[in-house]
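Single-structure report; data block below.
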Amino acid sequence: FAAGEPGKGRRLYVQAISGGTPVAISPEGIRGSVEGLGIGPVSPDGLWFFGARGPGKWLLFPMEGGDPRPIVGLGRQDFPIRWASDRSLWVQGSSTGDVWRLNPQTGRKTPSGKSLKASLGNVAFMRVVMTPDGRAYAYGVRNVHSILYLVEGLR
C-alpha cells in the first residue's frame, strides 16, 4: 500500500495480512499503482510491485526492498494496468486506448487486439481494469457535450 508518515512523502509499504508493523519498500515520493482500486500491482510470484515516482515515471520495486528498476518499453504516456498471469504487464496507451502485454524486463510488446478508443468513438477515455488473463475487462468513459451559442447585436 502507499502511505505517508507525518511530515514525510508517500512511499510504498508491505504488511502481513495478519497484522504487524508495515515495512517500507520504496523511498519517499512514490505513489501506488492503480490508485483507489487496490488491484494488480504485485507480480504473480510476489517479488515485484509497480509504482510511480511521478507522472509517467513507473518503476518496479522489489518486495523485499532494494533499488527499483525501470519498466523497459513503457512510454511516458502509457499506464500499467496490472500484472498478467504470465508475469508480463497489461498496459494501456493513454493516447490510443490500445491495450497490450509488455515484458517489463525486455520491453517486448504483444498486442492484445483490444483497441478501446476505436470502439468508443468520440469520448474521453478513462482507465481500464482487467483480469490477469485479459479475457475480461471494464473501463469508464466520460462524454462531454457542449453547445455553442452565437449572439449578435449586443451592446
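With all protein chains present and a 1.4 Å probe, how do Ser85, Ser146, Ser112 order by accessible area, largest first? Could the numbers behind the result be given before it?
Details: Ser85 75, Ser146 105, Ser112 35 Å².
Result of the area sort, largest leading: Ser146, Ser85, Ser112.
For Leu154, what accessible surface area do you get with a 1.4 Å probe? Give it in Å², rounded to 10.
The accessible area comes out at roughly 140 Å².
The values are calculated or read from the model by the stated rules, or taken from the named source; none is laboratory data. Just so it is clear, the structure is predicted and the values come from calculations on it, not from any experiment. Heavy atoms of the whole protein, side chains included, go into the accessibility calculation; ligands, DNA and RNA do not. Shrake-Rupley method; radii C 1.70, N 1.55, O 1.52, S 1.80 Å.
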